[in-house]
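Chemist: Next up is a structure, given as structure tokens.
The values are calculated or read from the model by the stated rules, or taken from the named source; none is laboratory data. Being a predicted model, the structure only gives us computed values, none of them experimental. Please note: Cβ atoms are built from the backbone with ideal geometry, for glycine as well, and neighbour counts cover all protein chains shown. Heads up: the accessible areas ignore ligands, DNA and RNA and are worked out on the full protein's heavy atoms, side chains in. Shrake-Rupley method; radii C 1.70, N 1.55, O 1.52, S 1.80 Å.
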Amino acid sequence: MKLWGGRFSEGQSQLLEKFNNSLPFDYRLWEEDIEGSIAHGTMLSQKGILTEAEGKELVSALKEIKNEILTGKREFDFSVEDIHTQIEIWLIEKCGDLGKKLHTARSRNDQVATDLRLYTKKSLKQTIKLLLELIETLALLGKDHSNTLVPGYTHLQKAQPISYGHQLLAYAQMFLRDLDRFEEAYKRCDVLPLGSGALAGTPYKIDRELTRELLQFRAISQNSLDGVSDRDFVLDYLYACSLTMVHLSRLAEELIIYSSFEFGFVEISDSYSTGSSIMPQKKNPDVPELIRGKTGRVCGNLLGFLMTLKGLPLAYNKDMQEDKEAFFDAVDTTQICLEIITPLLKTMTVNKEKMARSAETGYLNATDLADFLVLRGVPFRSAHRIVGEVVRLGIDLSTEITDIPLGKLQEISPLIDEEILQKLDAKSCLERRNIIGGAAPNQVEDASMAILKTLEAKKTIWLDSK
Ligand code: ARG
């Protein structure tokens, strides 16, 4: 059965059905479709468009269908066009002609937009919860590692000593911004399009405010054409997912590098590692690699759907059905990546000794030496040149700055002395970065506390909501 066909004299080709039908993927909206229908039916009966008895019967039939799906008594018939048709077929099966009345003052265009917004709100909450757990894990680990020395890199070349905690908190900041984006996406998604009809609104005296209240939306859409053709909320979500994945991918890339034999800074636990079918010694970082790889898919979904929308005239066009696969795939992928990275981080071993040893070699204290010369009155640019010569001498002698004989250092600059050299160890360099946002351990601890405090506030908003 179809929801249309009166004006057609020939049947539909099977190939067209296969091409056109969205039930194979939009069945995921079944709960939202029923929820929206219950609200719509309730409103129709309260407004006298249906009788009270009709409203009650429709609502209880819809609730029955919900239970039957939940208990496995009803299975989707994938030859049906879409989820809206499927639910309506079942409703008509149960209520006969009354089932055919539910679509009064409604179109599939405002129905699908409503369903998808309801679904988006639900999955945004899930994504936000996963993100909160990840940020909390990073904040706690960041605090634990506020004194764990590690080389900081630029261009993947050793640059200055930092702590691993400072590095982890950099990711916490990225994910906090992602959280902001998901929250914004939620706010913009929280607008009810039902009542827009096919495109122009409806002549029935419906009560959109009542439907809004029943479905718990923040606001009602203000233009019926926009109501049915707006998919910005999908793009908002896809963009937030894409950037979250880019952040996860950068973290993943570092974990891959840091867990390599050459670095050996971290070891991913066995439970989140894989082996090789041929090389018995291998322990592979498949999880971060897959995260890095899946980032391409999610970003592709964003770009793909942006392209789908770019040339569409108002209002609804069937192209928009393409929103769902891109959306479901991006959300599923982002959620599983967020879900798996958190326990991976919690269970991984951090090789503090190896990190610290690495932070002591490779002239990471060169900038600090220049800064000490600046304190003794040397202009920074001149100090930079002097220390460059010191480093070149160190390379020639295969030694660190502090192991070069003082006499030789003083030939380059008489201002260099024992007092300065004693302050060039990595720990001292780290502790001196004692400004807001700096790498000093106390700053990292404060930053961690601030993040945890922010999270507490966010948790009361998002964890309590169903
Ligand atoms: N399956 C369709 C979609 O996802 C539902 C809306 C159909 N509307 C229509 N006018 N054909 O977009």
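Chemist: Just want to confirm a number: the relative contact order over the range 146-262, from Cα pairs under 8 angstrom separated by 6+ residues, in percent.
Modeler: Answer for the range 146-262 is 23 percent.
Chemist: Nearest 20 debye, what's the magnitude of the dipole of the chain about its Cα centre given +1 on Lys and Arg Cβ and -1 on Asp and Glu Cβ?
Modeler: Dipole about the Cα centre, nearest 20: 520 debye.
Chemist: Determine one quarter of the surface area of the Cα convex hull of the range 275-426, which equals its mean projected area, and express it in nm² to one decimal.
Modeler: 17.8 nm²
Chemist: Which whole number in µm²/s is D for the range 152-298 by Stokes-Einstein, with the Kirkwood Rh taken over Cα pairs at 4 °C and 1.567 mPa s?
Modeler: Value of D from the Cα-based Kirkwood radius: 67 µm²/s.
Chemist: Here's another thing I want to ask about it. May I ask you to compute the full-extension gain from residue 246 to residue 216, defined as 0.36 nm times their residue separation minus their alpha-carbon distance, rounded to one decimal in nm?
Modeler: Numbers: separation 30, 0.36 × 30 = 10.80 nm, distance 3.25 nm.
Extra length from residue 246 to residue 216 when fully extended: 7.5 nm.
Chemist: Among the GluC sites (Glu not before Pro) within the range 50-156, which fall in a DSSP loop and have no more than 12 other Cβ atoms within 10 Å of their own Cβ?
Modeler: Those that pass, being in a loop and sparsely packed, are 75.
Chemist: With label points built 7 Å along Cα→Cβ from the Cα atoms of residue 463 and residue 75, find their separation and express it in nm.
Modeler: 4.1 nm
Chemist: Give the distance, in whole Å, between the Cα centre of the range 204-230 and the Cα centre of the range 93-154.
Modeler: Taking the Cα centre of the range 93-154 as reference, the centre of the range 204-230 is 21 Å away.
Chemist: Let me ask you something else. Could you compute the FRET efficiency for residue 339 and residue 46, with r as their C-beta to C-beta distance and R0 at 60 Å, rounded to 0.05?
Modeler: Efficiency, from the Cβ-Cβ distance: 0.90.
Chemist: Step through the residues of the range 415-427 one at a time and calculate ³J(HN,Hα) from phi using the Karplus curve (6.51 cos²θ - 1.76 cosθ + 1.60, θ = phi - 60°), rounding each to whole Hz and writing x for Gly and Pro.
Modeler: 6, 6, 9, 4, 4, 5, 4, 5, 9, 9, 6, 4, 4
Chemist: Fully extended, how many nm does the chain gain between residue 374 and residue 8 (0.36 nm per residue separation, minus their Cα-Cα distance)?
Modeler: Taking 0.36 nm per residue and subtracting the Cα distance, the gain is 123.2 nm.
Chemist: A follow-up question, please. For the chain, what does the equivalent ellipsoid look like in terms of its semi-axes, each the square root of 5 times an eigenvalue of the Cα gyration tensor, given largest first in whole Å?
Modeler: Values for the chain, descending: 61, 22, 19 Å.
Chemist: What accessible area, in Å² to the nearest ten, does a 1.4 Å probe give for residue 122?
Modeler: 80 Å²
Chemist: So, one more: Determine, for each peptide in 138-150, 397-409, the mean count of other beta carbons within 10 angstrom over its residues, then list the peptides with the highest first.
Modeler: Values: 138-150: 22.6, 397-409: 13.9.
Descending mean neighbour count gives 138-150, 397-409.
Chemist: Pull up all non-local amide H partners of residue 162: gap of 5 or more, or a different chain, and H-to-H distance under 5 Å with H placed in the peptide plane.
Modeler: Amide H neighbours of residue 162: 150, 152.
Chemist: Using 7 Å Cα-to-Cβ label points, what is the residue 403/residue 445 separation (nm, one decimal)?
Modeler: Rounded to a tenth, the inter-label distance reads 3.3 nm.
Chemist: Please list, in chain and number order, the residues 5+ apart from residue 266 or on another chain whose amide H is under 5 Å from its amide H, with Hs placed from the backbone.
Modeler: Amide H to amide H, under 5 Å and 5 or more residues apart or across chains, residue 266 pairs with 259, 351.
Chemist: Across the range 434-450, in residue order, what do the Karplus-derived ³J(HN,Hα) couplings come to in whole Hz, using 6.51 cos²θ - 1.76 cosθ + 1.60 with θ = phi - 60° and x for Gly and Pro?
Modeler: 9, 10, 3, x, x, 8, 4, x, 5, 5, 5, 4, 4, 4, 5, 4, 4
Chemist: Another question, if that's okay. In whole angstrom, and with the biggest value first, how far do the Cα coordinates of the range 264-314 range along each principal axis?
Modeler: So the three principal-axis extents are 59, 25, 17 Å.
Chemist: Once you order the gyration tensor axes a ≥ b ≥ c over the Cα atoms, which shape class does the range 1-100 get: rounded for a/c under 1.5, otherwise prolate or oblate by comparing a/b with b/c?
Modeler: Oblate shape, in that a/c is at least 1.5 and b/c is the bigger or equal ratio.
Chemist: Tell me, what is the percent relative contact order of the chain, built from C-alpha pairs under 8 Å that lie six or more residues apart?
Modeler: Here the relative contact order equals 17 percent.
Chemist: Per DSSP H run of at least 4 residues, take -39500 (n - 2.57); add these up for the chain, divide by its residues and hand me the 222 nm value, nearest 500 deg cm²/dmol.
Modeler: For the chain, the value works out to -20500 deg cm²/dmol.
Chemist: Hey, can you rank 437-445, 16-24 by average C-beta count inside 10 Å, highest first?
Modeler: Per-residue Cβ counts within 10 Å, averaged per peptide and sorted highest first, yield 437-445, 16-24.
Chemist: While we're on this one: So for the range 283-401, averaging the separation of alpha carbon pairs under 8 Å that are six or more residues apart and normalising by length, what relative contact order in percent results?
Modeler: Reported relative contact order: 19 percent.
Chemist: Whole-Hz Karplus ³J(HN,Hα) for the range 73-81, in order, using 6.51 cos²θ - 1.76 cosθ + 1.60 and θ = phi - 60°, x for Gly and Pro?
Modeler: Calculated HN-Hα couplings, in order: 7, 10, 10, 5, 9, 6, 8, 6, 5 Hz.
Chemist: On to the next question. How would you classify the range 110-153 from its alpha-carbon gyration tensor, with a ≥ b ≥ c the square roots of the eigenvalues: rounded for a/c under 1.5, else prolate if a/b is greater than b/c, otherwise oblate?
Modeler: prolate
Chemist: How many nm is it between the label spots at residue 277 and residue 289, if each spot is 7 Å from the Cα in line with the beta carbon?
Modeler: In this crude label model, residue 277 to residue 289 measures out at 1.3 nm.
Chemist: So if I restrict to the alpha-carbon atoms in the range 31-81, what is the Rg, and what is Dmax, the biggest pairwise distance, in Å?
Modeler: Rg and Dmax of the range 31-81, Cα atoms, are 12.5, 35 Å.
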